[in-house]
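Student: Please see the structure below; I have some questions.
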Amino acid sequence: MRHIALEVFKERKAKILSAVIHRYIKTGKPVGSNVLIKEYNFLLSPSAVRSLMAELEEDGYLTHPYTSAGRIPTDKGYRSYVDNLAKLQTCAIEEEERIRREYEQKHNEIEKILSETSRILSGLSQYTGFVVAPKAQYDKIKNIELVQISKDELLVILLTQSGMVKHKKVEASLTYERLNKLKIFLNEKLRGISVAQANKKIISEIRDYRETETEILKIVEKISDAFYNIQDDIYIDGTSNVIAIPDFNDFEPVKLLIKFNEDKEKFMEIINKDFNSRGINVKIGSENTLDGLKDLSMITTVYKNGDRAVGVLGIIGPKRMEYEKMISLVNRISEMLNMFFKEMR
């Protein structure tokens with residue numbers, strides 16, 4: 001007879017007990033070995049399952065009605081089941097906290113660097129400095145974590161290769177086991193591709209998943225929508241510097257910059273037009289697409305992660321500026337960020 005390690009034997013008994021209780025709670029009927037093998041995919045023979053159930057009965061975890069060959073849980077069985085659920089929940093909470101700490105540490109590092117970069121641009125130019133965070137849609141996926149933060153809410157944590165972290169909540173409820181299976185599946189299929197590609201690929205791939213239940217498909221569609229709706233961040237510093245510029249007789253340029261700082265989406269639309277450009281871009285007065293920038297100049301360039309552009313940085317100031325000095329400044333700061341991302345790889 002083949003020897004089975006004690007830990008493996010205990011694990012099998014625990015899984016059998018959990019399955020019996022789960023099935024009994026669901027149906028209210030005594031549970032037999034054939035039902036367990038069929039419904040819970042145990043890779044054991046019926047005789048092996050019956051033997052384990054008999055031992056669980058001897059240990060006081062299961063019992064059976066006089067007229068039935070199936071088992072039902074005892075109070076001791078329920079207690080063991082509830083205690084194991086509590087342990088799993090504790091482990092899940094500890095794992096969630098560990099993941100969040102690791103991700104937030106990395107995220108805070110990137111955030112701090114980008115925020116500091118906008119302050120450097122502003123401080124050295126004495127104008128308005130800005131940095132657009134690495135564009136999520138073009139960034140490649142490094143890891144995906146799924147955490148069930150409440151009964152009906154799933155937290156999707158996306159870590160990109162540039163080090164940025166994006167969090168999205170979706171309405172979903174999965175068991176711990178199915179959650180882990182889905183997480184493994186998503187990472188296997190999506191790791192190393194861009195967020196934009198992931199949004200297109202995720203639904204087609206899930207249709208080949210061996211658990212193509214409607215429930216899983218709906219959750220994956222929600223995750224796909226979350227990827228699609230990820231917004232880029234922008235860090236702006238020094239909008240008040242424009243106030244001190246004597247060129248302006250009215251307050252309109254200042255008001256516009258402050259408004260951009262509050263409503264960053266419109267500002268992003270303007271800046272993102274330079275994302276696919278090479279070198280330094282200079283827009284002077286009326287060359288800017290918004291009428292409100294007609295009295296201002298904007299100098300931008302991209303910064304890179306390796307050979308790939310990931311974001312845009314620059315300054316906004318008066319048309320009467322020292323262009324050579326400002327172009328040199330923007331170029332130097334972009335090289336500084338390039339080195340930062342190179343060291344991270």
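Student: Mind listing whichever residues of segment 304-324 are more than 23 Å from the chain's Cα centre (by Cα) and within 14 Å of GLY129 (Cβ to Cβ)? Reasoning before the result, please.
Tutor: Taking segment 304-324 and keeping what is more than 23 Å from the chain's Cα centre (by Cα), we get 307, 313-324.
If the condition is that a residue be more than 23 Å from the chain's Cα centre (by Cα) and within 14 Å of GLY129 (Cβ to Cβ), then LEU313, GLY314, ILE315, ILE316, GLY317, MET321 are the ones that fit.
Student: Could you grab me the full set of residues in segment 15-36 that are in a helix (DSSP H, G or I) and closer than 13 Å to ALA54 by Cα? It would help to see each step written out before you state the result.
Tutor: Filtering segment 15-36 down to residues in a helix (DSSP H, G or I) leaves 15-27, 33-36.
Of everything in segment 15-36, those that are in a helix (DSSP H, G or I) and closer than 13 Å to ALA54 by Cα turn out to be ILE16, LEU17, VAL20, SER33.
Student: List, please: which pairs have Cβ atoms under 9 Å, are six or more places apart or on different chains, and start with a residue in segment 271-282 that is touching a residue at least 60 places away in the same chain (Cβ under 8 Å) and end with one that is open to solvent by 40 Å² or more (accessible area, probe 1.4 Å) and of a type outside the set (Phe, Trp, Tyr)?
Tutor: From residues that are touching a residue at least 60 places away in the same chain (Cβ under 8 Å), there are no pairs.
Student: A further question follows. Tally time: how many residues in segment 108-141 are outside any loop (DSSP other than H, G, I, E, B), modelled with pLDDT under 85 and among the basic types (Lys, Arg)?
Tutor: The total comes to 2.
Student: Any residue in segment 60-80 that is within 15 Å of ALA14 (Cβ to Cβ) and in a loop (DSSP other than H, G, I, E, B) sitting within a Cβ distance under 7 Å of a residue that is at pLDDT below 90 and open to solvent by 80 Å² or more (accessible area, probe 1.4 Å)? List the pairs, counting only those 6 or more apart or interchain.
Tutor: GLY60/LYS76; TYR61/LYS76
Student: Those residues that are farther than 13 Å from ALA198 by Cβ and polar (S, T, N, Q), I need them from segment 147-166; list them, please.
Tutor: Hits for segment 147-166 are GLN148, SER150, SER162.
Student: When you go through (1) under 15 Å from the mean Cα position of the chain (by Cα); (2) open to solvent by 40 Å² or more (accessible area, probe 1.4 Å) one by one for LEU154, which number turns out not to apply?
Tutor: Result: LEU154 fails condition (2) only.
Student: Quick test of your reading of the structure: SER47 fulfils all but one of (1) of a type in the set (Ser, Thr, Tyr); (2) more than 36 Å from the chain's Cα centre (by Cα); (3) open to solvent by less than 60 Å² (accessible area, probe 1.4 Å). Name the failing condition by number.
Tutor: Condition (3) is where SER47 drops out.
Student: A follow-up question, please. In segment 316-345, what residues are outside any helix (DSSP H, G or I) and either more than 11 Å from GLY306 (Cα to Cα) or open to solvent by less than 10 Å² (accessible area, probe 1.4 Å) (or both)?
Tutor: To start, the set of residues in segment 316-345 that are outside any helix (DSSP H, G or I) comprises 316-322, 345.
Of everything in segment 316-345, those that are outside any helix (DSSP H, G or I) and either more than 11 Å from GLY306 (Cα to Cα) or open to solvent by less than 10 Å² (accessible area, probe 1.4 Å) (or both) turn out to be ILE316, GLY317, PRO318, LYS319, ARG320, MET321, GLU322.
Student: Which ones in segment 170-188 are out of contact with any strand residue (DSSP E or B) (no Cβ under 9 Å at 6 or more places or on another chain), closer than 18 Å to PHE227 by Cβ and in contact (Cβ under 8 Å) with a residue 24 or more places away in the chain?
Tutor: PHE185
The values are calculated or read from the model by the stated rules, or taken from the named source; none is laboratory data. Just so it is clear, the model here is predicted, and its values are computed rather than measured. Here the Cβ is made from the backbone with ideal geometry for all residues, glycine too, and neighbour counts use every protein chain on show. To get the accessible areas, we keep the full protein, side chains included, count just its heavy atoms, and leave off ligands, DNA and RNA. Shrake-Rupley method; radii C 1.70, N 1.55, O 1.52, S 1.80 Å.
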